[in-house]
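First comes the structure, then the notes that go with it.
The values are calculated or read from the model by the stated rules, or taken from the named source; none is laboratory data. This one's a predicted model, so the numbers in the text were calculated from it and none came from an experiment. Quick reminder, even Gly has a Cβ in these numbers, built from the backbone with ideal geometry, and neighbours come from all protein chains shown. When the accessible area is computed, the model is the full protein with side chains, heavy atoms only, and any ligands, DNA or RNA have been set aside. Shrake-Rupley method; radii C 1.70, N 1.55, O 1.52, S 1.80 Å.
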Amino acid sequence: MTVHTFAARLGLDDMFRHITHDFEVPAGTRSIIVEYDVKPFHPGIGPLTHQVSLSVDGPNGSRGAQHKLPWLDGTRRVISETWSSNGYTRGAIEPGTWTLSVDVFRIMPPGNTSYEVTVTLSDQAADGPALPMPVLVANRGPGWYKGDLHGHTDHSDGNWTVAEFLQHARNCGLDFVTITDHNTTSGQPWAEALADDDLLVMCGIEVTTLFGHCLALGARQWVDWRIKDGDTMTDRANAIMAAGHTFVIAHPMAEGHPWCAGCHWQFADVFPGPARLVEIWNGPWDPAKNELGLRLFQVWLNSGVRMRATAGTDIHGHQGPEVRVGYNRVWAEAFTEEAILAGIRAGRNVLTYGPVLDLALRSGPASAGVGEVLATGNAAELVLNWADVPPGSRLTIFTGGDQGTEVRHETPAEGAGSLPYGLGDLPPRNWVMATLRCYKGDMLAITNPVFVAGDWR
């Protein structure tokens, strides 16, 4: 048995750093036990604690990360060939140089804290349950499917198990749900094993950097989240998409440091850069974060970028039915992860708390639905259809383009109905979308735009 100990003091200047410690692992090692302590965890004033994560990398790549230390269920973690603690991945313990990274998201004034990490190498494998096999879900064929693209479990900073996370999705009547734990894939096998023909389980990662979060939907392999000197988010986003994953800027206008360290999107090169998907409805509708996200989305549209919007509950634990979070009602050619993500990338989705809202744009015999492109905007007519709308709600139709965003029409709506509305001639590179709000002004549904052909980027 070999023991390595690493310790250091942390001050305010250590924020937004990755402090690395290398250690050698000899042949024959079957388990790595990591024990961690930070003192004091609370700075002594105010409601916020220090926020530190711990990543472990072997010679062949990442073995996972634990987000927001100290850990919710203790300060001891195991990485073994047969079993690993939540956040870390099991597998052979390769001999050679391993790296432990102390990732400093937030140090609250007055600083003056310290950490100590003890790494114990053992020739004994850890005991634990075997990885389950994924469940094959029957393909229901083409149709509209409702689900969540963003959720967390106790494999990162969620306060519920994978099974509880999936049961909540079933209770909400979802068709699909996506596990996107912070910087780890360790919960994915347990989630996929609990799928059934009524609930498709999709996988992804919330790539949680020090300066913004993004989703790599469809990813089952770890994505390096550490943007260091010489790295760019453009390169990382392109690599995620080149690997066949779906890249989404998450909650770009979320409040950042210190309240949500790393949550606000600060990558000027991906604003939007190569990104074509952005999460504008995150969690319950927030008059700051989500309203600003919607405005940013429309600004990008007006600049000629053919963006599409998504919603994500970003759920971390149990919440009551009164909480109005946004889901994605997406048209997919099949009831599979691949088809649903293809529909999301094409913008064939409506963001909704519950009501059904659909939009189509016509010009003569030509027509286009949400996410699609109309060949010409001459004598354009919009048709809105809705259902399950509570009394006192209000529909708003927007158009935009080089001239900026314009409210074209507002009307009360409830129950089910349809509205044809003439928009006149729309110039090239225009867009049309609609929102539905309750009588208090909270969002109930947002369509993705229908685009008029032009020199979109």
Restrict the check to the stretch 341-354 and report whether at least one residue is surrounded by 15 or more Cβ atoms within 10 Å (Cβ to Cβ), farther than 23 Å from W281 by Cβ and touching a Leu at 6+ places or on another chain (Cβ under 8 Å).
no
Can P47 be described as at pLDDT 95 or above and open to solvent by 40 Å² or more (accessible area, probe 1.4 Å)?
no
Test of understanding: among V452, V389, V370, which residue is in contact with a Gly (Cβ under 9 Å, 6 or more places away or on another chain), among the β-branched types (V, I, T) and more than 19 Å from M307 (Cα to Cα)?
V389
For R140, indicate whether it is on the phi < 0 side of the Ramachandran plot, open to solvent by less than 30 Å² (accessible area, probe 1.4 Å), in contact (Cβ under 8 Å) with a residue 24 or more places away in the chain and not small (G, A, S).
no
Take the conditions without any contact (Cβ under 8 Å) to a residue 60 or more places away in the chain, out of contact with any Phe, Trp or Tyr (no Cβ under 7 Å at 6 or more places or on another chain), open to solvent by 20 Å² or more (accessible area, probe 1.4 Å) and part of a loop (DSSP other than H, G, I, E, B) and apply them to G230. Does it pass?
yes
Among the residues of the stretch 397-404, are any of a type outside the set (F, W, Y), touching an Asp or Glu at 6+ places or on another chain (Cβ under 9 Å) and surrounded by fewer than 16 Cβ atoms within 10 Å (Cβ to Cβ)?
no
Just to be sure I understand the filter: pairs with C-beta atoms under 8 Å, separated by 6 or more residues or on different chains, first member in the stretch 424-451 and touching a residue at least 12 places away in the same chain (Cβ under 8 Å), second member aromatic (F, W, Y) and not in a strand (DSSP E or B). Which pairs pass?
R429/W456; D442/W285; M443/W285; M443/Y353; L444/Y353; A445/Y353
Return yes or no: is A242 of a type in the set (A, V, I, L, M) and either more than 25 Å from G187 (Cα to Cα) or touching a residue at least 60 places away in the same chain (Cβ under 8 Å) (or both)?
no
Per the filter on the stretch 80-130, residues of a type in the set (V, I, T) and within 22 Å of Q51 (Cβ to Cβ) are T99, V102, V104, I107, T113, V117, T118, V119
Where residues in the stretch 276-314 are touching a residue at least 60 places away in the same chain (Cβ under 8 Å) and under 29 Å from D229 (Cβ atoms), which of them is surrounded by the most Cβ atoms within 10 Å (Cβ to Cβ)?
E279
Go through the stretch 23-41 and report how many residues are open to solvent by 70 Å² or more (accessible area, probe 1.4 Å), over 17 Å from E116 (Cβ atoms) and either modelled with pLDDT under 95 or in a strand (DSSP E or B) (or both).
1
Exactly one of (1) out of contact with any Ser or Thr (no Cβ under 7 Å at 6 or more places or on another chain); (2) open to solvent by less than 10 Å² (accessible area, probe 1.4 Å); (3) at pLDDT 95 or above is unmet by A261. Its number?
(3)
Taking the condition in a loop (DSSP other than H, G, I, E, B) and either buried (at least 22 other Cβ atoms within 10 Å of the Cβ) or not basic (K, R) (or both), does D235 pass?
no
Looking only at the stretch 308-328, how many residues end up being assigned to a strand (DSSP E or B) and among the hydroxyl-bearing types (S, T, Y)?
2
Return yes when G424 is modelled with pLDDT of 95 or more, open to solvent by 10 Å² or more (accessible area, probe 1.4 Å), over 20 Å from A288 (Cα atoms) and not charged (D, E, K, R) and no when it is not.
yes
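This table checks each residue for (1) modelled with pLDDT of 95 or more; (2) surrounded by 13 or more Cβ atoms within 10 Å (Cβ to Cβ).
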{"residue": "G128", "(1), (2)": "no, yes"}
{"residue": "L136", "(1), (2)": "no, no"}
{"residue": "G147", "(1), (2)": "yes, yes"}
{"residue": "G151", "(1), (2)": "yes, yes"}
{"residue": "D157", "(1), (2)": "no, yes"}
Matching residues in the stretch 163-203 (closer than 20 Å to S84 by Cβ and outside any helix (DSSP H, G or I)) number 12
Whether any residue in the stretch 299-307 is within 27 Å of L426 (Cβ to Cβ), part of a strand (DSSP E or B) and basic (K, R) is what I want to check.
no
Taking the condition of being crowded, with 20+ Cβ neighbours inside 10 Å and outside any strand (DSSP E or B), how many residues in the stretch 427-447 meet it?
2
Residues of the stretch 357-384 satisfying the condition of being over 33 Å from the mean Cα position of the chain (by Cα), surrounded by fewer than 21 Cβ atoms within 10 Å (Cβ to Cβ) and assigned to a strand (DSSP E or B):
R362, S363, A366, E381
